[in-house]
Amino acid sequence: MTRLHLHLLSDSTGETLENIAKAALAQYDDVETVRHFWPMVRTEAHLERILQEIAQNPGLVIFTLVNPATRRILEQRCLALALPAVAPLDPVNDALSGLLGQQAKARPGRQHVLDAAYFARVDAIQWTIAHDDGIAWEEWEEADIVLAGVSRSSKTPTSIYLANRGYKTANIPVVVESPPPSILYTLRNPLIVGLTTSADRLIQVRRNRLLSLHQAPDTSYVEEEAVMRELAFARRMFADNGWPVIDVTRRSIEETAAAIIALCNQRRVDAA
């Protein structure tokens, strides 16, 4: 297995860099990555301390630094150490500058400005948390998205991820013995999406959940026939109401959310 030191330097929170690094590393197998995360790098003194660490643990340097002086120091020192230093946003900024006919503003963390979109995301997160697992169903018409699915089909984490993207998201468990509120079938504003998964995967997730709670995994909650019946009931409900369905069996939360956002965008286009 290859061992790689990865240094991530940002003059802001570093969220962008972490996502880029995660996406890139997912393309490689058998790599043990030692991540060195350096956010809020805005002074030369801070950078000097980091450069000492980089020299002691040489590896790939990925950075987003907009201050020309700080960036120049980093690039020169990496060159002297014979270490690759990559600024992943440079090609995007160069293309935008050419198309827009203007230079990028050298403002660290400008994407995190507390603008209207930021407060909309905060509002969406608060709303989503308050409407988890069927709570406050009387207010579902206010939602952008309503997720329906059997227990442990990733409804809550997907809802929270969507909320972080600015979508007010409610979710409702589909239970054979307990039908959902009738309002679910009359909603007009939100996009209703059904989440499903394979029986094997669902049993595995549920069994692990019971074990983590120190409960005996020998109930109908994980019994194959009962799980199959639950899934069939949920799929029939989705089909009868014409709701789009996403199989989360082999999808990450991010992939599921991306598919749902694509459905929202298409719905918006169709309504225009």
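The values are calculated or read from the model by the stated rules, or taken from the named source; none is laboratory data. This one's a predicted model, so the numbers in the text were calculated from it and none came from an experiment. Here the Cβ positions follow ideal geometry from the backbone for every residue, glycine too, while neighbour counts run over all protein chains shown. Only protein heavy atoms, including side chains, enter the accessible area calculation; ligands, DNA and RNA are left aside. Shrake-Rupley method; radii C 1.70, N 1.55, O 1.52, S 1.80 Å.
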Using Cα pairs under 8 angstrom and six or more residues apart, how large is the relative contact order of the stretch 38-85, in percent? 43
A 1.4 Å probe over the protein heavy atoms gives the stretch 138-266 a carbon and sulfur accessible-area percentage of 49
Against the longest principal axis of the chain, how steep is helix 224-241, in degrees 0 to 90 to the nearest 10, with axes from Cα atoms? 90
Roughly how far apart, in whole Å, are the Cα centres of the stretch 197-252 and the stretch 34-78? 47
Per residue and in Å³, how big is the convex hull formed by the alpha-carbon atoms of the chain? 187
Listed residues Leu191, Ala136, Pro181: farthest to the positive end of the dipole of the stretch 122-191 (Cβ charges): Leu191
Pull up all non-local amide H partners of Thr249: gap of 5 or more, or a different chain, and H-to-H distance under 5 Å with H placed in the peptide plane. Ser198
Set the Förster distance to 25 Å, then compute FRET efficiency between Asn164 and Ala23 from the Cβ-Cβ distance, nearest 0.05. 0.90
For the stretch 5-14, what does the Karplus curve 6.51 cos²θ - 1.76 cosθ + 1.60, with θ = phi - 60°, yield as ³J(HN,Hα) per residue in whole Hz, taken in order and with x for Gly and Pro? 8, 10, 9, 10, 10, 9, 8, 10, 6, x
Average accessible surface area per residue within the chain, 1.4 Å rolling probe, Å²: 58
Rounding to the nearest 20 debye, state how big the charge dipole of the chain is about its Cα centre with +1 on each Lys and Arg Cβ and -1 on each Asp and Glu Cβ. 580
